[in-house]
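To keep things clear, I will list the structure first and then write my remarks on it.
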Amino acid sequence: MARKKYLELKLQSLSFERQTIRTCIDTLASHPSKMETLFQESSPYCELFHTVFQPISTELNQWMNADFEYNTKYPEQRIHKSASGLMVRSKSEALIATLLSHNRIPFRYECALCLGETTLHPDFTLRHPKTGAFYYWEHFGLLDDPKYVSESVCRKIKLYSDNGIIPSVNMIFTFETKSHPLSIETVEQIIREYFLSENTAA
């Protein structure tokens with residue numbers, strides 16, 4: 001009886017914590033920061049912040065916000081929300097989307113990409129904030145599943161490579177297992193290396 005009572009109270013506590021977190025995320029998503037206006041090209045502060053923060057150009061901003069063909073399969077799986085309010089399919093994708101937005105990297109989520117007769121939907125299609133060059137980012141989060149690795153991961157890597165989308169050049173792959181989840185440090189390092197380093201803007 002004591003164990004049952006403990007579990008009931010524990011469940012109530014966890015439910016309350018979950019609801020509190022969801023309320024916090026929803027509140028943040030519905031009240032975007034007014035600081036964003038500082039980075040608009042029409043803002044007198046834009047040039048002052050240029051050496052500290054990378055503003056998104058008008059062209060890349062229009063590309064990011066334009067309509068595009070996206071993955072319509074299994075919309076019920078989009079249950080995780082990034083800090084900007086984007087609904088994605090996993091916590092790791094929400095982390096990536098949040099840090100991309102935070103660092104002002106233009107991107108689209110699950111945008112259609114035609115490779116020969118095959119259409120893929122990379123998790124993220126990105127544009128370099130200075131050069132406008134295209135990059136793609138796939139996150140594989142089920143590496144504990146051998147079938148997923150052989151049928152999805154290996155197939156996609158080969159298909160991308162066969163079509164000139166090369167890992168470490170214009171293709172980013174991240175991986176995780178249940179015991180080794182994707183870390184915020186890893187995502188931050190990738191974003192710095194590919195999009196914020198002076199060496200990548202040439």
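The values are calculated or read from the model by the stated rules, or taken from the named source; none is laboratory data. Since the structure is predicted, the reported quantities are computational estimates derived from the model, not experimental observations. Side chains included, ligands, DNA and RNA excluded: accessible areas come from the protein's heavy atoms. Shrake-Rupley method; radii C 1.70, N 1.55, O 1.52, S 1.80 Å.
A few notes on this one:
- Carbon + sulfur, % of accessible area of segment 68-114 - ligands and nucleic acids excluded, 1.4 Å: 55 percent
- Lysines whose Cα lies under 19 Å from that of Lys91, excluding same-chain neighbours fewer than 8 positions away: Lys73, Lys81, Lys178
- Looking at segment 78-117, the accessible area is 42 square angstrom per residue; that uses a 1.4 Å probe and ignores ligands, DNA and RNA.
- In the full protein context, segment 122-194 carries 52 Å² of accessible surface per residue, based on a 1.4 Å probe and ignoring ligands, DNA and RNA.
- In segment 107-202, inverting the average of 1/r over every pair of distinct C-alpha atoms gives 14.3 Å as the Kirkwood radius.
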